[in-house]
Amino acid sequence: MRDGDRLCRHCTDLLVTQAGRLPALFVECGRRLGARGERRAERVSGGSTPTGLPFNIAAAEARSAIVGVLSSWSALIADGRRIAAPRRDVGSMASFFVGHADWLRSHEAAGEGSRELDQLTRQARRVVDPEDLRRVEVGSCVELGCAGFLVALVRKDQPRGARTEVRCSHEAGHRWAGHEWLQLGNRMARARERTGTAAPRRVAAWLTVTDIAALWGIAPGSVYRHASEQNWTRRRLGGRTYYGASDVQATLNR
């Protein structure tokens with residue numbers, strides 16, 4: 001990181017990626033305004049009879065949030081840099097945000113901006129893909145000093161190899177492809193042991209079939225087949241079978 005930076009390069013790149021996705025998400029949420037969502041506006045103001053017209057409130061709220069957040073950050077950047085603000089449309093504001101992300105990374109509110117865009121992107125994606133997400137808890141965050149907890153998000157609408165992403169509950173920039181967090185955590189644990197720093201929180205040494213299927217994006221049947229063919233180390237606890245993480249990695253990372 002540069003002196004004075006509040007975000008690392010990885011987090012800045014993530015910020016740029018998320019801001020760049022917002023115009024498309026705004027459009028997709030607009031296409032769902034006429035579809036019934038989980039929450040609906042069915043009544044005429046001041047009346048008690050349903051209008052009969054479907055209206056997706058979640059989609060409307062996501063679009064409003066996108067405009068509001070981008071407007072706020074565009075104004076902050078314009079004021080801080082003493083330049084003209086962009087037009088108040090999502091495409092212009094998102095481009096303006098991306099164009100000044102390198103300046104924003106050293107601003108005292110950079111961390112807040114990163115978290116806000118992450119939440120905004122998730123909100124919009126829940127509207128666009130409401131039924132395609134499954135969550136699997138996988139353990140403590142592997143980044144040094146982070147108190148967050150890692151959750152694997154499994155997206156059913158993606159190819160198997162790209163379905164799973166592991167995210168931290170505390171820091172938006174801490175995210176990896178499903179299988180990467182395990183390898184990264186073990187490497188960091190060894191490094192901390194070599195330097196004599198505080199005892200590391202180790203990544204789980206044992207994984208269930210559900211964990212493995214989610215993290216590597218493969219079918220449970222394939223997990224059982226690999227376990228049998230490669231003779232993975234296993235143990236049973238509480239009626240469940242757990243497999244040795246090192247054996248799983250050795251097979252599936254190939």
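The values are calculated or read from the model by the stated rules, or taken from the named source; none is laboratory data. For clarity, every value in this text was computed on a predicted model and none was experimentally measured. Cβ placement follows ideal geometry from the backbone for every residue including glycine, while neighbour counts extend to all protein chains displayed. For accessibility, only protein heavy atoms count, side chains too; no ligands or nucleic acids. Shrake-Rupley method; radii C 1.70, N 1.55, O 1.52, S 1.80 Å.
What the table shows:
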quantity: Residue check, Ala94 part of a helix (DSSP H, G or I) and touching a residue at least 60 places away in the same chain (Cβ under 8 Å); calculated: yes
quantity: Any hit, region 122-138, residues being surrounded by 19 or more Cβ atoms within 10 Å (Cβ to Cβ) and at pLDDT below 75; calculated: yes
quantity: Cross-chain or 6+ apart pairs with Cβ under 7 Å, region 56-69 first and more than 13 Å from Val128 (Cβ to Cβ), then of a type in the set (Lys, Arg); calculated: Ile57/Arg39; Ile57/Arg40
quantity: Condition broken by Phe149, with the remaining ones in (1) surrounded by fewer than 16 Cβ atoms within 10 Å (Cβ to Cβ); (2) modelled with pLDDT of 85 or more; (3) among the aromatic types (Phe, Trp, Tyr) satisfied; calculated: (2)
quantity: Answer from Glu28, Glu108, Glu112 - the residue that is buried (at least 17 other Cβ atoms within 10 Å of the Cβ), acidic (Asp, Glu) and either out of contact with any Leu (no Cβ under 8 Å at 6 or more places or on another chain) or modelled with pLDDT of 85 or more (or both); calculated: Glu28
quantity: All strands (runs of 3 or more DSSP E) inside region 152-252 with 1 or more residues being touching a Gly at 6+ places or on another chain (Cβ under 8 Å), within 30 Å of Val16 (Cα to Cα) and modelled with pLDDT of 70 or more; calculated: 164-168
quantity: Yes/no for Ser71 being open to solvent by 60 Å² or more (accessible area, probe 1.4 Å), modelled with pLDDT of 90 or more and either of a type in the set (Phe, Trp, Tyr) or assigned to a helix (DSSP H, G or I) (or both); calculated: no
quantity: Residue within region 83-92 that is under 23 Å from the mean Cα position of the chain (by Cα), buried (at least 17 other Cβ atoms within 10 Å of the Cβ) and among the aliphatic types (A, V, I, L, M) present; calculated: yes
quantity: Leading residue by the ranking (modelled with the highest pLDDT) among those in region 3-21 that are closer than 14 Å to Glu108 by Cα and open to solvent by 60 Å² or more (accessible area, probe 1.4 Å); calculated: Arg6
quantity: Contacts under 6 angstrom Cβ, first residue in region 217-242 being within 20 Å of Thr164 (Cβ to Cβ), partner part of a strand (DSSP E or B) and open to solvent by 40 Å² or more (accessible area, probe 1.4 Å), 6 or more apart; calculated: Tyr242/Trp206; Tyr242/Arg235
